[in-house]
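Heads up: the structure comes next, in structure tokens.
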Amino acid sequence: MTTYDSDASPALLQNALRGNAMFSAVSAFVLLLGGAHLAERIGVPTAIVYLLGVGLLPWAAFAWWTSRTLARWAVIAIIAGDIAWVVGAIVVVFGLSDEMTSQGVWGLVVVSVAVAAFGVVQAIGFRRIHAA
């Protein structure tokens, strides 16, 4: 059972989660439809692009489901996943960027900034409705 602070609206958290879900779904379709071309442009194996696309589909569904239920554990999992993505992107940019094209590095940075923004807004919304 979810309990909310009576003065806080869950709208910020719901909207951030829905935005995350839509961004993830659109990204998945772009990766899946343009996999070979994108892989060449960003300098990574095609299989990685397709795996990311496939992986983003259940993530998008989970984020959408979480926006509807606001289950505490699920919101925490989404925020943790966003943090993990950003940390992973930092590792890739500093550790593997020699393998990637400059377009690939900048694309990863831009996507990671968006993911970080979703994470921050979700954390703010979560904090507002679960204030102690």
(message) Out of the helices (runs of 4 or more DSSP H) lying entirely within segment 17-132, which hold 3 or more residues that are open to solvent by less than 40 Å² (accessible area, probe 1.4 Å)?
(response) 46-69, 72-95, 102-129
(message) Cβ-Cβ under 9 Å, sequence separation 6+ or interchain: first residue in segment 33-54 and over 13 Å from GLU99 (Cα atoms) and polar (S, T, N, Q), partner open to solvent by less than 40 Å² (accessible area, probe 1.4 Å) and in a helix (DSSP H, G or I). Which pairs?
(response) THR46/GLY35; THR46/ALA39
(message) Can you report the number of residues in segment 44-95 which are closer than 18 Å to GLY125 by Cβ and aromatic (Phe, Trp, Tyr)?
(response) 4
(request) Considering each of TRP106, TRP85, TRP65, TRP59 in turn, give the residue that is among the aromatic types (Phe, Trp, Tyr) and modelled with pLDDT under 95. (result) TRP106
(message) Checking the condition touching a Pro at 6+ places or on another chain (Cβ under 8 Å) and modelled with pLDDT of 95 or more, which residue from LEU51, LEU70, LEU32 passes?
(response) LEU70
(request) Output the qualifying pairs, or none if there are none: Cβ atoms under 7 angstrom, residues six or more apart or on different chains, first residue in segment 92-109 and under 9 Å from GLY43 (Cβ atoms), second residue open to solvent by less than 50 Å² (accessible area, probe 1.4 Å) and of a type in the set (Ser, Thr, Tyr). (result) VAL105/SER97
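The values are calculated or read from the model by the stated rules, or taken from the named source; none is laboratory data. Remember, it's a predicted structure, so these values are computed and weren't measured experimentally. Ideal geometry is used to build each Cβ from the backbone, glycine not excepted, and the neighbour counts take in all protein chains shown. Note: areas computed on protein heavy atoms with side chains; ligands, DNA, RNA excluded. Shrake-Rupley method; radii C 1.70, N 1.55, O 1.52, S 1.80 Å.
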